[in-house]
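For reference, the structure is listed below as structure tokens.
The values are calculated or read from the model by the stated rules, or taken from the named source; none is laboratory data. The shown structure was predicted, so the numbers you read here are calculated from the model rather than taken from an experiment. FYI the Cβ positions are ideal-geometry reconstructions off the backbone, even for glycines, and counts take in every protein chain you see.
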Amino acid sequence: MSTILETRDLVKEFGGLTATDDVNLQIQDGELLSLIGPNGAGKSTLINLITRMLEETSGDILFEGESITDLEPHEVVQRGVGKSFQTASIFPDLSVEENANIASLGAEHGSFRFNFLRHRDSYPEVAERTRDVLDAVELLPQKDVTAADLPYGDKRRLEIGIALASEPSLLLMDEPTAGMSPEETQETVDLIERVQEEMGLTILLVEHDMEIVFSISDRIAVLHQGDIIARGTPEEVQGDPDVQEAYLGG
Ligand code: ADP
Ligand code: MG
């Protein structure tokens, strides 16, 4: 297995607070790696550093062997790093299909996205991508529904679909089941497993539900006060005394 993403001594300070402290994380091609840790551990900071929404204090991030720290967020997306956003990337007044079209067009043509709504017939490849994405997240039957009218779980699936439109090889997900009912959570977990398998995706998942994490992950990394204190298979991490003490409550 090869490493798709690697952070090297990655440090992010906010004023006097060190949110990530010399983090060395490797994500292997094709795996589902979960990042866990208590509130404030630095999980979202790490994700936002990878997407370049945040500038690091020091250290480096390599994607497919090349440093991405000099890239803009949209360039990182073009390289193949997608993110399903915790806060909405959805246009509420547009339909499910129009939202997917905008994401597909952004992926195919960069910045011409808004013209697309007026010239959609000239972009067959975009329509095809939209269909694939909506099919993957099982929203084809709802394609004409206004996004604002979707139930909460479907909105989150649309967000995952929007992230998939750029055909990422690495998908970052920051608490994708936050705020979901148990049924929606289970559907989303099934969806994540299915897209990982069918699309050959590598996934970095931040998830607070330990039952989900231990059932879905190939490997787990435990972040505590900006430090990775343990990593390994679910069994290895569950049995780690440092993790028991710092996180799983003895
Ligand atoms: P997690 O996602 O694991 O809950 P975060 O990465 O959001 O943790 O936060 C890590 C630490 O960095 C916390 O102490 C948080 O308060 C702090 N932090 C996060 N973002 C900022 C910011 N933009 N400005 C100042 N402090 C921040
Ligand atoms: Mg967070």
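Go through the stretch 207-223 and count every residue that is within 16 Å of ligand 1 (Cβ to nearest atom) and either at pLDDT 95 or above or among the hydrophobic types (A, V, I, L, M, F, W, C) (or both). So that I can check it myself, show each step before the final result.
Going through the stretch 207-223, the residues within 16 Å of ligand 1 (Cβ to nearest atom) turn out to be 207-210, 213, 220-223.
Keeping just the survivors that are either at pLDDT 95 or above or among the hydrophobic types (A, V, I, L, M, F, W, C) (or both) gives 210, 213, 220-223.
Total meeting the criteria: 6.
Which condition breaks for Glu97 when tested against (1) assigned to a helix (DSSP H, G or I); (2) modelled with pLDDT under 95?
Against the list (1) assigned to a helix (DSSP H, G or I); (2) modelled with pLDDT under 95, Glu97 comes up short only on (2).
Looking at the stretch 19-31, which of the residues that are assigned to a strand (DSSP E or B) and within 16 Å of ligand 2 (Cβ to nearest atom) is surrounded by the most Cβ atoms within 10 Å (Cβ to Cβ)? Break it down stepwise before answering.
Let us first name the residues in the stretch 19-31 that are assigned to a strand (DSSP E or B), namely 19-23, 26-28.
Among the residues that remain, those that are also within 16 Å of ligand 2 (Cβ to nearest atom) are: 19-20, 23.
Values: Ala19: 23, Thr20: 28, Val23: 24.
The qualifying residue surrounded by the most Cβ atoms within 10 Å (Cβ to Cβ) is Thr20.
Pick out the one residue from Glu245, Glu236, Glu167 that is more than 16 Å from ligand 1 (Cβ to nearest atom), within 30 Å of Thr57 (Cβ to Cβ) and surrounded by fewer than 23 Cβ atoms within 10 Å (Cβ to Cβ).
Numbers: Glu236 fails: within 30 Å of Thr57 (Cβ to Cβ); Glu167 fails: within 30 Å of Thr57 (Cβ to Cβ).
That would be Glu245, the only listed residue that is more than 16 Å from ligand 1 (Cβ to nearest atom), within 30 Å of Thr57 (Cβ to Cβ) and surrounded by fewer than 23 Cβ atoms within 10 Å (Cβ to Cβ).
Among the candidates Leu5, Leu54, which residue alone is away from ligand 2 (no atom under 13 Å from the Cβ), over 24 Å from Leu158 (Cα atoms) and hydrophobic (A, V, I, L, M, F, W, C)? Full working, then the answer.
Numbers: Leu54 fails: away from ligand 2 (no atom under 13 Å from the Cβ).
After applying the criteria, what remains is Leu5.
Restricting attention to the stretch 176-192, does a residue exist that is touching a residue at least 60 places away in the same chain (Cβ under 8 Å), among the β-branched types (Val, Ile, Thr) and not in a helix (DSSP H, G or I)?
no
Yes/no matrix, rows are residues, columns are (1) within 8 Å of ligand 1 (Cβ to nearest atom); (2) at pLDDT below 95; (3) in a loop (DSSP other than H, G, I, E, B):
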site	(1), (2), (3)
Leu33	no, no, no
Asn39	yes, yes, yes
Ser44	yes, no, no
Asn48	yes, no, no
Glu56	no, no, yes
Gly59	no, no, no
Leu62	no, no, no
Leu71	no, no, yes
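Which one of Asp218, Asp174 is buried (at least 19 other Cβ atoms within 10 Å of the Cβ), farther than 18 Å from Ala103 by Cα and either within 17 Å of the chain's Cα centre (by Cα) or small (Gly, Ala, Ser) (or both)? Don't jump to the end; show me each part of the working.
Details: Asp218 fails: buried (at least 19 other Cβ atoms within 10 Å of the Cβ).
Unique residue meeting the criteria: Asp174.
Please determine whether any residue of the stretch 48-60 is of a type in the set (Lys, Arg) and touching a Phe, Trp or Tyr at 6+ places or on another chain (Cβ under 9 Å). It would help to see each step written out before you state the result.
Step one: of the stretch 48-60, the residues of a type in the set (Lys, Arg) are 52.
Then keep just the ones that are touching a Phe, Trp or Tyr at 6+ places or on another chain (Cβ under 9 Å); that gives none.
Within the stretch 48-60, not a single residue is of a type in the set (Lys, Arg) and touching a Phe, Trp or Tyr at 6+ places or on another chain (Cβ under 9 Å).
Looking at this structure, is Ser34 of a type outside the set (Lys, Arg), assigned by TED's automatic domain parsing to the domain that holds Asp240 and touching a Leu at 6+ places or on another chain (Cβ under 7 Å)? Explain how you work it out, then say what you get.
Working: of a type outside the set (Lys, Arg): yes; assigned by TED's automatic domain parsing to the domain that holds Asp240: yes; touching a Leu at 6+ places or on another chain (Cβ under 7 Å): yes.
Taking the combined requirement at face value, the residue satisfies it.
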